[in-house]
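This report concerns only the one structure given below.
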Amino acid sequence: MSEKMTTANSTEQGKVDIDFAECAVPKWSRRRFLTMFMIMLGFTFFSASMWVGQEMAAGLDFWGFIKALLLGGAILGVYTGLLGYVGAETGLSLDLLSKRAFGEKGSYISSALTSFTQIGWFGVGIAMFAIPVARELFGGSTAVEWVLILIAGACMTASAYFGIKSLTIISYIAVPLVAILGTVAMIMAVRQGDGTIVDQFAKSSGSLSVIGGAGLAIGSFVSGGTATPNFTRFAKNGKQGTIATVVAFFIGNSLMFFFGAISYIFVGGNDIFEVMIRLNLFYLAILVLGLNIWTTNDNALYTAGLGLANIFNKRKKPMVLISGVIGTLLSVWLYYNFCGWLNILNCTLPPVGIILVLSYFMNKKAYDTDTVKMVTVNWFAVAGVILGAIVANVVTWGIASINGMVVAALCYVVGEMYKREKNK
């Protein structure tokens, strides 16, 4: 698949079927700041992040929770902010950036990792909606569960199929509703609890350190955050892409952590859905749960489609459909059997992201032209991902994703130095 650059003209602007899977996003197709902010904020509204909020609340007191949230948010913000900047400045997707960093065929490793992980989380997300709703409405009926899975999977796949325009519409609808209704439910739950929120957090086991909590916060969304260029490439410039990413990710992830924490304290669960059910807000609970998952699932499926398009040299839209069908049909199995593996895979993606960032800043001039000579495989970059993933999953000291990024960065930098020395 060649990397082709488009130019702004009236013919191109009249097209409605451009998915920019093969080319940089031209200036005429860039979005305003508010749109980018809403898309990135909706991306972070993921129910699985509430599980992390539950773990943090169970192991930290209130101030420890806040410190872990701030530290984890800062590190995640730097990582995603850099990726957001690179995506916006170049107009390139994660997969096109990977071609330059990993090579034409070497990019398949990053595309495969992101596609596999995002299809997995897409399926888990569908089950996270269907299973609790079926339980509350029909006592856990398997038939109803599958009806909900198929309906949700079809709707989410359809909206992801239509690309960035559809993601924008869903985000503008879902983000305000989830943020407002979820926050209101959280405040209501705290007011009904025993004592202040600080008192309620004090009941935790104290088994988690601030560093450990920060590691959980980073790990909760670092895999999704690696796909940031897929969306910020539509930002008007690097500054807007970076600000939209950092602010949106911090606000969105913080809300999800708080929702999960309050759910644990109030009902012993891990989802704001359970809190709203306890508060007799049943239909609002279903609305919030569905929209919360929909925003992230659309972004995940969009990312998976781009990755598969790169690997199989096909258009993005058919790959989105295939990803959606796979994720939908395997959703229940993924939910009950694959979450642990997905968490392991989360540690494999930060090495990919840091290599993309280093590739851009170490070879900036090469990104200013559309006539790029790409190698087939950059073995140093590939080795960085493999070794970084091993270290992230095996080494128990520090923060897993950072450990992986450090190793990957070293491998890539050594490779660049060797290449430059060889070309002298």
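Quick check on my filter: what residues within the stretch 315-368 are polar (S, T, N, Q), touching a residue at least 12 places away in the same chain (Cβ under 8 Å) and either crowded, with 24+ Cβ neighbours inside 10 Å or assigned to a helix (DSSP H, G or I) (or both)?
Passing the criteria: SER323, THR328, SER331, ASN343, ASN346, THR348, SER359.
Does VAL372 count as within 16 Å of PHE102 (Cβ to Cβ), open to solvent by less than 40 Å² (accessible area, probe 1.4 Å) and not acidic (Asp, Glu)?
no
Output yes when any residue across the stretch 392-407 is closer than 14 Å to THR348 by Cβ, among the β-branched types (Val, Ile, Thr) and surrounded by fewer than 12 Cβ atoms within 10 Å (Cβ to Cβ), and no when none is.
The answer is yes; a qualifying residue exists.
Among the aliphatic types (A, V, I, L, M) and touching a Ser or Thr at 6+ places or on another chain (Cβ under 6 Å): which single residue out of ILE170, ILE180, ILE187, ILE164 fits that description?
Result of the check over ILE170, ILE180, ILE187, ILE164: ILE170.
Inspect all residues belonging to the stretch 270-286 and state whether any of them is within 23 Å of GLY73 (Cα to Cα) and either open to solvent by less than 10 Å² (accessible area, probe 1.4 Å) or of a type in the set (A, V, I, L, M, F, W, C) (or both).
Scanning the stretch 270-286, I find at least one residue that is within 23 Å of GLY73 (Cα to Cα) and either open to solvent by less than 10 Å² (accessible area, probe 1.4 Å) or of a type in the set (A, V, I, L, M, F, W, C) (or both), so the answer is yes.
Name the residues in the stretch 90-114 that are open to solvent by 40 Å² or more (accessible area, probe 1.4 Å) and within 15 Å of ALA389 (Cβ to Cβ), would you?
Once the filter is applied, which keeps residues that are open to solvent by 40 Å² or more (accessible area, probe 1.4 Å) and within 15 Å of ALA389 (Cβ to Cβ), the stretch 90-114 yields ILE109, ALA112.
For the stretch 28-42, which positions are more than 16 Å from PHE259 (Cα to Cα) and modelled with pLDDT of 90 or more?
ARG30, ARG31, ARG32, PHE33, LEU34, THR35, MET36, PHE37, MET38, ILE39, MET40
Exactly one condition in (1) more than 30 Å from VAL190 (Cα to Cα); (2) open to solvent by less than 10 Å² (accessible area, probe 1.4 Å) is false for THR44; which is it?
(1)
Taking the stretch 353-375 as the search range and keeping residues that are among the β-branched types (Val, Ile, Thr) and at pLDDT 95 or above, which one is nearest to the chain's Cα centre (by Cα)?
ILE354
Which of the residues spanning the stretch 176-222 are open to solvent by 20 Å² or more (accessible area, probe 1.4 Å), among the polar types (S, T, N, Q) and more than 23 Å from the chain's Cα centre (by Cα)?
GLN192, THR196, SER204, SER205, SER207, SER209
Starting from residues that are in a loop (DSSP other than H, G, I, E, B) and closer than 19 Å to ASN270 by Cα, keep the ones in the stretch 17-66 and report whichever is farthest from the chain's Cα centre (by Cα).
That would be ASP61.
Which residue out of LEU321, LEU287, LEU291 is at pLDDT 95 or above and not β-branched (Val, Ile, Thr)?
When all the criteria are applied, what remains is LEU321.
Which of the helices (runs of 4 or more DSSP H) found entirely inside the stretch 190-269 contain at least 2 residues meeting this: modelled with pLDDT of 95 or more?
So the answer is 229-232, 238-267.
Does VAL124 satisfy being surrounded by 24 or more Cβ atoms within 10 Å (Cβ to Cβ), more than 15 Å from THR226 (Cα to Cα) and either out of contact with any Phe, Trp or Tyr (no Cβ under 6 Å at 6 or more places or on another chain) or hydrophobic (A, V, I, L, M, F, W, C) (or both)?
For VAL124, the condition - surrounded by 24 or more Cβ atoms within 10 Å (Cβ to Cβ), more than 15 Å from THR226 (Cα to Cα) and either out of contact with any Phe, Trp or Tyr (no Cβ under 6 Å at 6 or more places or on another chain) or hydrophobic (A, V, I, L, M, F, W, C) (or both) - is met.
Yes/no per residue for (1) modelled with pLDDT under 95; (2) closer than 25 Å to ASN280 by Cα; (3) open to solvent by less than 20 Å² (accessible area, probe 1.4 Å); (4) assigned to a helix (DSSP H, G or I):
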| site | (1), (2), (3), (4) |
| --- | --- |
| ALA134 | yes, yes, yes, yes |
| LEU150 | no, no, no, yes |
| ALA160 | yes, no, yes, yes |
| LYS165 | yes, no, no, yes |
| ILE169 | yes, no, no, yes |
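Would you mind telling me which numbered condition in (1) open to solvent by 80 Å² or more (accessible area, probe 1.4 Å); (2) touching a Phe, Trp or Tyr at 6+ places or on another chain (Cβ under 7 Å) GLY384 fails?
(1)
Could you please find all residues in the stretch 223-236 being farther than 10 Å from ARG31 by Cα and open to solvent by 10 Å² or more (accessible area, probe 1.4 Å)?
Scanning the stretch 223-236 gives no hits.
Would you pick out the residues in the stretch 319-340 that are touching a Leu at 6+ places or on another chain (Cβ under 9 Å) and either under 22 Å from ALA24 (Cβ atoms) or hydroxyl-bearing (Ser, Thr, Tyr) (or both)?
MET319, VAL320, SER323, THR328
The values are calculated or read from the model by the stated rules, or taken from the named source; none is laboratory data. Keep in mind that what you see is a predicted model, and the values were worked out from it rather than measured. Note: ideal-geometry Cβ built from the backbone for every residue, glycine included; neighbour counts use all protein chains shown. Remember, those area values only see protein heavy atoms, side chains included, never the ligands or the DNA or RNA. Shrake-Rupley method; radii C 1.70, N 1.55, O 1.52, S 1.80 Å.
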